[in-house]
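Asker: Structure below; questions to follow.
The values are calculated or read from the model by the stated rules, or taken from the named source; none is laboratory data. Worth saying up front: this structure is predicted, and the values here are computed from it rather than measured. With ideal geometry, Cβ positions are generated from the backbone for all residues, glycine too; neighbour counts draw on all protein chains shown. What goes into the accessible areas is simple: the full protein's heavy atoms, side chains included, and nothing from ligands, DNA or RNA. Shrake-Rupley method; radii C 1.70, N 1.55, O 1.52, S 1.80 Å.
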Amino acid sequence: MSRFEPSGPLRGSFRPPADKSISHRAALFGAMSDVPVTIENFLYAEDTLSTLSAVRSLGAGVDERENELVIRGVGLHTAHETTGGLLHVGNAGTLMRLLPGWLAGQRGGQWTIDGDESIRRRPIDRIAVPLREMGARVEAREGRLAPFRVEGADLHGIEHELPVPSAQVKSCLLIAGMLAEGETTICEPHMSRDHTERILCRSRAPFERDGTCVRVRQVDELELDDVVVPGDPSSAAFMVAAACVVPRSRLLVSGVGLNWTRTGFFRVARRMGAVILGDLEEPQTDHQGQDSGDEPVGELDVAAAPLEATTVDRDEVPLLIDELPLVALLGCFAEGETVVGGAEELRLKETDRIAGVVEGLRALGADIDATADGFAVRGGGLEGGTLDARGDHRLAMLGAVAGLASRSGVEVTGMEAATISYPHFERDLAALREH
Ligand code: S3P
């Protein structure tokens, strides 16, 4: 249990930890690569350590050096079964959904994928159905849950339309598509994060984008260039939210990833009235270096200001899916009613995040209601109390930030969950309070 007392203004500069999504992908693509890949600024957190452990089990070499990590891959077609085929993904949903894309194309290989309690509640039918259509054999508990078995086979390309935008599902199928005969096309109703597409460009894979559709063709070898992982905008968002809700705060964020598909929260906070300077506009050409695969990195200059309510709709949701709990927090301090809709996906995250956010913030005095596909919250501030993180890293950090802006402080039960994505969260937050 950790306690977060009401705070004076947050001040200073801050560099967020490395991006979790990109770290997972760098390690996985490194393992599939035919050349050694150096990863600078890899995230050492529980989730991404699960990925390192998985790629080791599949035969890749992992050399941890000072400030960098070198992955010696096994190549796209030769994943091993060194642990009797059992792979434990811990709490990492991204690993659980991306890995089967690779395993499904390993003819003759068999793996069982399992994870913690939270992972065992998260559905995998969204990858299992298209992977089966591509020719793989996937058998899951109750048809859709971990533990599940993947049997590799000769795959063939498909055209698949995702009912809900999901970078995890898209990435799984893009990986399987590289192992499948012919062409694989995946279309999403709205754009989700595009880190896999960028890493495909940097691996010189035969890949094309056409609006919200992506297409990949079969390939024999991957040669991923070295990767420098930018700071995680989702981790930075907790500090930015704190600077928005604690009056007179001013915060400079450096080295943060500014990929447009990830920065929706900063745009929403700005729309609500926070002063946020930085490159957040929708890119007009070359989709922010998408053709080269480079990830845009930059700075944000954030200052607290009076907040007004806003509405977040379905088409915007994928651009801030992990930051929606923070929109609820800003809504507690904004004039009017803030409404998030089209976000039923939140019920399938590490926890049911609609229930976790609504019940968690209401216990602190928020005027907030759940809806079928999101929540509605009215301003009025937060009194304080106890928030149960329910084992969810983002709920734990939400509780901490809520405490700083509350009238009487917040106890977070299960604060240690933050280590899943952000091991030094409490230290970094304390440093901003001491200035
Ligand atoms: C992620 C994609 C998102 C996000 C998750 C990480 C990724 O999930 O919520 O935390 O790295 O691809 P969905 O793609 O399922 O929406």
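Asker: Can you give the % of DSSP beta bridges in the chain that are antiparallel, to the nearest 5?
Answerer: For the chain, the DSSP antiparallel bridge percentage is about 70.
Asker: Select from region 1-68 those GluC sites (Glu not before Pro) which occupy a DSSP coil region and have at most 14 other Cβ atoms within 10 Å, ordered by residue number.
Answerer: GLU66
Asker: What FRET efficiency would be calculated for the residue pair THR82, VAL35, taking the C-beta separation as r and a Förster radius of 22 Å, to the nearest 0.05?
Answerer: Efficiency for this residue pair is about 0.55.
Asker: Explain nothing, just compute: Karplus ³J(HN,Hα) = 6.51 cos²θ - 1.76 cosθ + 1.60, θ = phi - 60°, for every residue of region 150-160 in order, whole Hz, x for Gly and Pro.
Answerer: Residue by residue, region 150-160 yields 10, 10, x, 7, 6, 9, 10, x, 9, 10, 9 Hz.
Asker: In whole percent, and with a 1.4 Å probe on the protein chains, what portion of the accessible area of the chain is carbon and sulfur?
Answerer: About 46 percent, which is the carbon plus sulfur part of the accessible surface.
Asker: How large are Rg and Dmax for region 167-235 when calculated on the C-alpha trace, in angstrom?
Answerer: Cα radius of gyration and Dmax of region 167-235 are 12.4, 39 Å respectively.
Asker: Report the dimensions of region 177-301 along its three principal axes from the alpha-carbon atoms, largest first, rounded to Å.
Answerer: Computed over region 177-301, the largest-to-smallest principal extents equal 58, 31, 23 Å.
Asker: Can you give the three extents of the C-alpha atoms in region 20-228 along their principal axes, from longest to shortest, in whole Å?
Answerer: Principal extents (largest minus smallest coordinate, Cα): 43, 37, 31 Å.
Asker: Using the heavy atoms of the protein chains and a 1.4 angstrom probe, tell me the accessible area per residue for region 20-228 in square angstrom.
Answerer: 37 Å²
Asker: Same structure again: Ignoring everything except DSSP H segments at least 4 long, calculate the 222 nm mean residue ellipticity for the chain; use -39,500 (n - 2.57) per segment, divide by total residues, nearest 500.
Answerer: Value at 222 nm, helices only, nearest 500: -9000 deg cm²/dmol.
Asker: log₁₀ I(q)/I(0) of the chain at q = 0.13, 0.14 Å⁻¹, via Debye over equal Cα point scatterers, no solvent, to two decimals?
Answerer: Debye curve over Cα of the chain, log10 I(q)/I(0) at q = 0.13, 0.14 Å⁻¹: -1.11, -1.27.
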